[in-house]
Amino acid sequence: MRHILDLAERSGRTAQPLYSNFLDDRQLAICETALKSDRKGAFVSLGGYPDAERRIIAFGVCDESEAYPPIEALVFNYPSSAGLSHRDFLGSLMALGLKRELFGDILVGDGRTAVFVTDTAVPLVKEMTKVGSCGVTITDDFTDADIPIQEYDEIRSTVASLRLDSVISVGFRISREKAAELIRTKGVMHNRVMSCSPSDKVSEGDRFSVRGLGKIELSEVGDRSRKDRLFITVRKFR
């Protein structure tokens, strides 16, 4: 956190954009909350593609279109039959001696896997010729087609009101009491902001993440039933 606040202060002092390394959801939420409360100036988070989970913070930038983050998407090409997994790529990258904050999301596809890397780590990663025991070649031809389609199950139910505990209860198929306890004790990432209040208001399109349970989205809010309950649809991501 001290490093993040220092970057914000230096960016404000020099009027130059500066960038953090990659942060996970929880780290990003903590940093964004601190930066907003301390009024540390303009910043945006970027991960290389719109729905990236691991992201860097760009300081001194008001809009994503103004940012030129030090991120490069490297595409690993290999035989589809190799069946390489996220774990395989993570292990091979860590074996290079890279810290986890130097690379972001790993998008595993069929014979092509995109890895988002900070510019300082690019030369070392480009020297890789194997992931596990499988030979790979690395290119820089990343396209939107390399972003996996997110699969999900739809859950339809009704709630008394649009509260955080109600949606968590529906999305993870647990009682509202258990959902409220989970929120108070462990917290829930609500649009990448940590919430510990079961009564927080939610809206259509909001996303939620619970460590150990997964991610959901409140995809639709419908009309009220005869018993004055709201129809909702929640997407549970696989």
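Tell me, how many Å apart are the Cα centres for segment 28-42 and for segment 136-152?
Here the answer is 31 Å between Cα centres.
Give Lys178/Lys201; Lys99/Lys126; Lys99/Lys186; Lys99/Lys236; Lys178/Lys236 a once-over and call out the pairs whose C-alpha atoms are over 20 Å from each other.
Over 20 Å Cα-Cα: Lys99/Lys186; Lys99/Lys236.
For the chain, take the longest principal axis of its alpha carbons; what is the angle in degrees between that and the long axis of helix 2-14, to the nearest 10 within 0 to 90?
Orientation of helix 2-14: about 70 degrees from the principal axis.
Taking the Cα centre of the chain as origin, work out the dipole magnitude from +1 charges on Lys and Arg Cβ and -1 charges on Asp and Glu Cβ, in debye rounded to 20.
Roughly 1140 debye, rounded to the nearest 20.
In a Gaussian network model over the chain where Cα atoms closer than 10 Å are linked, find which of Pro69, Pro198, Pro79 has the largest mean-square fluctuation.
Greatest mean-square fluctuation among the candidates belongs to Pro79.
Could you give the nm distance between label points at Glu9 and Ala82, where each point is 7 Å from its Cα heading toward the beta carbon?
4.6 nm
Report the FRET efficiency, 1/(1 + (r/R0)^6), for Ala42 and Lys227, where r is their Cβ-Cβ distance and R0 is 45 Å, rounded to 0.05. Walk me through the numbers on the way to the answer.
Numbers: r = 47 Å, r/R0 = 1.04.
Working from the Cβ atoms, E equals 0.45.
What trypsin sites (Lys or Arg not before Pro) in segment 94-129 are in a loop by DSSP, with at most 12 other Cβ atoms within 10 Å of the Cβ? If you can, show how the numbers build up before the last one.
Numbers: sites: Lys99, Arg100, Arg112, Lys126; in loops: Lys99.
The qualifying sites are Lys99.
Test of understanding: what is the full-extension gain from Glu127 to Met94, defined as 0.36 nm times their sequence separation minus their Cα-Cα distance?
10.5 nm
For the chain, what is the per residue volume of the convex hull drawn over the alpha-carbon atoms, in cubic angstrom?
Per-residue hull volume (Cα only) is 149 Å³.
Quick note: the coordinates plus some simple rules give every number you see, no bench work behind them. What you see is a predicted model, and the numbers here were worked out from it, not measured in a lab. Note: ideal-geometry Cβ built from the backbone for every residue, glycine included; neighbour counts use all protein chains shown.
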